[in-house]
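Everything below concerns the one structure shown next.
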Number of protein chains: 6
Amino acid sequence: MVYLTRRYRFAASHRLHNPGLAPEENARVYGKCNNPYGHGHNYVLEVTMAGPVDSGTGMAFDLAALDGVVQREVLDRLDHTHLNLDVDLFKTVVPTTENVCMEVYGVLRKHLESLPSRGQARLHKVRLEETNSNYFEYEG
Amino acid sequence: MVYLTRRYRFAASHRLHNPGLAPEENARVYGKCNNPYGHGHNYVLEVTMAGPVDSGTGMAFDLAALDGVVQREVLDRLDHTHLNLDVDLFKTVVPTTENVCMEVYGVLRKHLESLPSRGQARLHKVRLEETNSNYFEYEG
Amino acid sequence: MVYLTRRYRFAASHRLHNPGLAPEENARVYGKCNNPYGHGHNYVLEVTMAGPVDSGTGMAFDLAALDGVVQREVLDRLDHTHLNLDVDLFKTVVPTTENVCMEVYGVLRKHLESLPSRGQARLHKVRLEETNSNYFEYEG
Amino acid sequence: MVYLTRRYRFAASHRLHNPGLAPEENARVYGKCNNPYGHGHNYVLEVTMAGPVDSGTGMAFDLAALDGVVQREVLDRLDHTHLNLDVDLFKTVVPTTENVCMEVYGVLRKHLESLPSRGQARLHKVRLEETNSNYFEYEG
Amino acid sequence: MVYLTRRYRFAASHRLHNPGLAPEENARVYGKCNNPYGHGHNYVLEVTMAGPVDSGTGMAFDLAALDGVVQREVLDRLDHTHLNLDVDLFKTVVPTTENVCMEVYGVLRKHLESLPSRGQARLHKVRLEETNSNYFEYEG
Amino acid sequence: MVYLTRRYRFAASHRLHNPGLAPEENARVYGKCNNPYGHGHNYVLEVTMAGPVDSGTGMAFDLAALDGVVQREVLDRLDHTHLNLDVDLFKTVVPTTENVCMEVYGVLRKHLESLPSRGQARLHKVRLEETNSNYFEYEG
């Protein structure tokens with residue numbers, strides 16, 4: 001079993017705000033991340049696949065196929081957007097990096113599983129770096 | 001003459017859009033950076049001071065004084081904002097990283113010049129990294 | 001279960017020396033790290049919390065609370081010190097990065113467990129980078 | 001149990017090509033990595049040892065011994081080579097980074113196990129970064 | 001005048017060898033970089049343009065135009081190649097990173113100058129990083 | 001004229017303290033960098049040489065010769081030391097990074113100038129990074 005990790009980048013805005021909470025509570029929980037017009041990040045996304053190495057190709061997974069899925073299902077939807085305003089899911093779910101990370105995992109899992117070429121490889125982990133000081137990981 | 005550079009970080013949103021241009025022209029010039037709700041970045045700001053080394057302290061500039069000015073005049077104004085909507089200047093000036101870089105230079109120059117402790121040191125350069133793939137520099 | 005990692009930095013000196021060993025043995029085991037006056041590093045500390053995501057806030061842990069504990073219990077004690085001379089524990093325990101890493105883990109575990117806001121999250125891992133060429137991890 | 005990771009670097013060329021496949025199949029599977037004269041990378045190798053911390057030395061493993069084995073068994077064989085043409089194994093095995101990673105793991109495991117000084121430590125993981133965008137990990 | 005720098009990456013092989021020198025002289029001058037089958041690197045290319053900021057667009061240069069020229073004239077020619085064997089120029093010129101850097105500068109200068117959209121901007125510098133330990137800069 | 005930069009690293013301790021100043025003045029000027037037992041850093045040293053490219057070798061300077069001088073005159077003297085206590089110069093000169101940077105420049109200039117192989121190349125700049133947040137440059 002080899003773990004293969006591929007790194008992608010996207011730039012997006014978000015505002016941390018839960019409409020079900022009072023304004024003071026939002027301010028207390030989210031601090032300056034609750035500022036009304038939002039702010040943004042250069043997100044660094046790492047996608048890790050786990051699988052045996054194919055004895056013919058010497059590869060654990062087809063990187064071009066992985067790139068295609070990530071581009072279409074993640075980057076095309078999230079890059080250069082305001083997550084709260086442009087992405088349907090985050091109109092109702094607070095786009096904390098925890099939630100974005102789990103959403104990316106779910107979307108990738110679904111679309112990678114239906115790839116004809118995936119062999120025995122499976123999605124192992126999604127890691128999402130929000131700033132130079134913090135990142136989040138989800139393994140399902 | 002020693003050059004001393006200090007690195008700071010802030011997270012902000014922006015939208016590249018010139019209301020004086022037609023929509024198709026905005027789309028052509030700015031591409032996806034013209035998306036209506038904007039997007040964001042982790043900006044990395046480097047401020048370079050040039051000056052002789054004080055023979056008593058062995059220092060070219062008082063870093064604590066520099067940090068104070070940058071915090072008050074730049075980070076407190078730009079961090080965790082949407083530049084177009086939260087910062088007066090960028091309500092009328094397109095917040096390209098070129099323009100943000102020159103604005104930061106101008107503000108720092110003004111406030112650093114009036115510092116009593118600055119001695120012979122002067123602001124030499126401002127460098128602003130927008131993404132892992134590009135950065136801008138301005139020397140006045 | 002989401003893993004949230006937060007990165008901190010501190011600068012400190014240390015000398016690797018075990019008074020219970022002969023001088024030649026100290027020299028053999030620690031090499032130039034045994035030089036009498038010590039040397040120093042920019043340590044990079046990563047603290048990983050594991051926990052479910054709160055459905056109200058969308059967060060796995062309160063970062064401000066984590067920052068408070070790390071600042072008070074780790075950075076205030078270790079930053080800008082000579083570990084062997086300024087930190088009680090390392091007057092008798094050799095401050096190898098292995099030992100510093102385990103000590104930081106123990107201190108954080110104790111203080112994070114008593115946080116009223118911690119919910120179901122728990123300390124998962126401490127990672128301490130000593131130089132560009134090596135780092136250490138401890139999971140308890 | 002502490003995990004100690006040490007980082008090394010080497011520069012090498014490779015060509016991804018399986019002589020058992022038709023030319024069009026090689027082109028389809030490997031893309032531009034199948035170009036006839038190969039291309040190269042600055043590989044970043046991370047070797048992780050796991051072990052208890054020795055109460056006398058405060059260390060989990062003798063880094064100088066690890067450096068010696070990695071230098072002799074990995075860097076001296078792979079650095080500044082064309083993997084397909086200079087390294088016996090890769091004359092018949094396609095030098096994908098998956099295969100290089102597993103080979104490095106196997107070689108290190110064998111030679112680290114026979115080190116007299118290894119105590120209870122064991123090789124835990126080998127991580128090989130091929131480019132800024134992807135890396136591979138193998139744990140045996 | 002603002003300096004705008006854009007970062008690109010390519011992977012290539014090279015061998016440092018001057019056929020006009022005796023074998024021992026090649027070995028003495030180039031060391032292991034003279035190994036017969038070559039080795040490779042992940043090159044990091046930074047291209048810096050200097051120019052005034054257009055008051056309409058707020059930009060110093062059209063990044064999409066720059067990307068197009070660099071892709072066509074540099075990356076398409078050098079990426080995933082063996083410089084000595086695949087690139088005409090380096091069949092007779094030793095592909096040291098100094099020479100690659102100057103060649104890239106020359107090619108970019110020529111093609112950027114003939115861009116209709118370049119306005120008053122001009123190529124200021126090319127920086128080419130060969131490894132984590134060295135890089136080269138050329139300003140014409 | 002090509003600029004060639006080579007990166008080196010060393011780990012050292014220092015204390016910022018001027019015995020000619022009163023204790024309160026030292027505390028005010030240097031803050032926690034004045035703590036009595038000092039602290040330390042992983043310094044990153046970049047040495048830039050400027051010179052024409054030799055048409056025979058394709059190189060601007062002999063890197064092995066540069067490495068030899070830097071190792072002997074800088075790294076062997078400063079690495080794994082407490083600058084104030086182990087290095088003669090810094091027993092009387094405050095080892096701020098400004099001063100260390102100028103001292104390294106002076107030593108390298110002297111020894112590089114007397115290298116028989118230096119041709120027309122000359123030392124252009126020394127850059128010394130003290131932490132992730134600041135660095136210093138000196139060009140003589």
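Can you find, within region B:103-140, the residue that is farthest from the chain's Cα centre (by Cα) among those that are of a type in the set (Val, Ile, Thr) and open to solvent by less than 10 Å² (accessible area, probe 1.4 Å)? Outline the logic, then answer.
The first filter runs over region B:103-140 and keeps only residues of a type in the set (Val, Ile, Thr), leaving B:104, B:107, B:126, B:131.
So of that shortlist, the ones also open to solvent by less than 10 Å² (accessible area, probe 1.4 Å) come out as B:104, B:126.
Working: B:Val104: 4, B:Val126: 7 Å.
Per the stated criteria, the residue is B:Val126.
Just one residue in the set E:Ser133, E:Ser117 is more than 14 Å from chain D (Cβ to nearest Cβ) and hydroxyl-bearing (Ser, Thr, Tyr); that residue is E:Ser117.
Pairs meeting the criteria (first residue in region C:114-140 and farther than 22 Å from D:Met1 by Cβ, second residue part of a loop (DSSP other than H, G, I, E, B) and open to solvent by 40 Å² or more (accessible area, probe 1.4 Å), beta carbons under 7 Å, at least 6 apart or on different chains) are C:Ser117/C:Asp62; C:Gly119/C:Asp54; C:Gln120/C:Pro52. Which of (1) aliphatic (A, V, I, L, M); (2) open to solvent by less than 50 Å² (accessible area, probe 1.4 Å); (3) in a helix (DSSP H, G or I) does F:Val47 not meet, given it meets every other one? The failed condition is (3). Summed over region B:11-20, residues that are open to solvent by 10 Å² or more (accessible area, probe 1.4 Å) and touching a helix residue (DSSP H, G or I) at 6+ places or on another chain (Cβ under 7 Å) total 4. In region A:64-85, of all residues being under 12 Å from the mean Cα position of the chain (by Cα) and away from chain B (no Cβ under 14 Å), the one that is nearest to B:His82 (Cα to Cα) corresponds to A:Val74. For the structure I just gave you, tell me whether F:His111 is in a strand (DSSP E or B), more than 9 Å from every other protein chain (Cβ to nearest Cβ) and not small (Gly, Ala, Ser). No; evaluated as a whole, the condition is false for this residue.
Considering every residue within region D:90-102, establish whether at least one is open to solvent by 60 Å² or more (accessible area, probe 1.4 Å) and over 14 Å from the mean Cα position of the chain (by Cα).
Step one: filter region D:90-102 for residues open to solvent by 60 Å² or more (accessible area, probe 1.4 Å), giving D:91-92.
From what's left, over 14 Å from the mean Cα position of the chain (by Cα): D:91-92.
The answer is yes, given that some residue of region D:90-102 is open to solvent by 60 Å² or more (accessible area, probe 1.4 Å) and over 14 Å from the mean Cα position of the chain (by Cα).
Kindly indicate whether any position in region D:39-50 is within 10 Å of chain E (Cβ to nearest Cβ), within 30 Å of E:Ala11 (Cα to Cα) and in contact with a Leu (Cβ under 8 Å, 6 or more places away or on another chain).
Taking region D:39-50 and keeping what is within 10 Å of chain E (Cβ to nearest Cβ), we get D:39-44.
Okay, now just the ones that are also within 30 Å of E:Ala11 (Cα to Cα), so D:39-44.
Keeping just the survivors that are in contact with a Leu (Cβ under 8 Å, 6 or more places away or on another chain) gives D:43-44.
Yes, region D:39-50 contains at least one residue that is within 10 Å of chain E (Cβ to nearest Cβ), within 30 Å of E:Ala11 (Cα to Cα) and in contact with a Leu (Cβ under 8 Å, 6 or more places away or on another chain).
The condition (being under 23 Å from E:Tyr135 (Cα atoms), touching a helix residue (DSSP H, G or I) at 6+ places or on another chain (Cβ under 9 Å) and among the hydrophobic types (A, V, I, L, M, F, W, C)) is satisfied by just one residue among E:Leu83, E:Leu115: E:Leu83. Of the residues screened, C:Leu85 is one that is surrounded by fewer than 22 Cβ atoms within 10 Å (Cβ to Cβ) and in contact with a Ser or Thr (Cβ under 9 Å, 6 or more places away or on another chain). The set of residues from region F:62-77 being open to solvent by 10 Å² or more (accessible area, probe 1.4 Å) and either closer than 29 Å to E:Leu128 by Cβ or touching a helix residue (DSSP H, G or I) at 6+ places or on another chain (Cβ under 9 Å) (or both) comprises F:Asp62, F:Leu63, F:Ala64, F:Ala65, F:Asp67, F:Gly68, F:Gln71, F:Arg72, F:Glu73, F:Leu75, F:Arg77. Checking the stated criteria, F:Phe90 turns out to be more than 27 Å from C:Asn134 (Cα to Cα), within 14 Å of chain C (Cβ to nearest Cβ), in contact (Cβ under 8 Å) with a residue 24 or more places away in the chain and touching a Leu at 6+ places or on another chain (Cβ under 7 Å). Evaluating C:Asp54 against the criteria (1) open to solvent by 50 Å² or more (accessible area, probe 1.4 Å); (2) within 14 Å of chain F (Cβ to nearest Cβ); (3) in contact (Cβ under 8 Å) with a residue 40 or more places away in the chain leaves one unmet condition, (2). For region A:109-120, the set of residues classified as in contact with a strand residue (DSSP E or B) (Cβ under 8 Å, 6 or more places away or on another chain) and modelled with pLDDT of 95 or more consists of A:Arg109, A:Leu112, listed by residue number. Filtered by the rule that a residue be surrounded by fewer than 23 Cβ atoms within 10 Å (Cβ to Cβ), at negative phi and either in a strand (DSSP E or B) or without any contact (Cβ under 8 Å) to a residue 12 or more places away in the chain (or both), region E:30-40 gives a lone residue, E:Lys32.
Condition check: assigned to a loop (DSSP other than H, G, I, E, B) and more than 25 Å from B:Asp62 (Cβ to Cβ). Does F:Ala60 satisfy that?
Criteria met by F:Ala60.
Of all residues assigned to region E:12-24, at least one qualifies as being touching a Gly at 6+ places or on another chain (Cβ under 9 Å), facing chain D (nearest Cβ under 9 Å), over 23 Å from D:Asp76 (Cβ atoms) and among the hydrophobic types (A, V, I, L, M, F, W, C).
The one condition from (1) at pLDDT 95 or above; (2) within 26 Å of F:Val29 (Cβ to Cβ) that F:Thr92 does not meet is (1).
The values are calculated or read from the model by the stated rules, or taken from the named source; none is laboratory data. Just so we're clear, the structure is a prediction, and the values are computed from it rather than from any experiment. Counting neighbours? That spans all protein chains shown, and the Cβs are built from the backbone with ideal geometry, glycine included. Areas reflect the complete protein model, heavy atoms only, side chains present, ligands, DNA and RNA absent. Shrake-Rupley method; radii C 1.70, N 1.55, O 1.52, S 1.80 Å.
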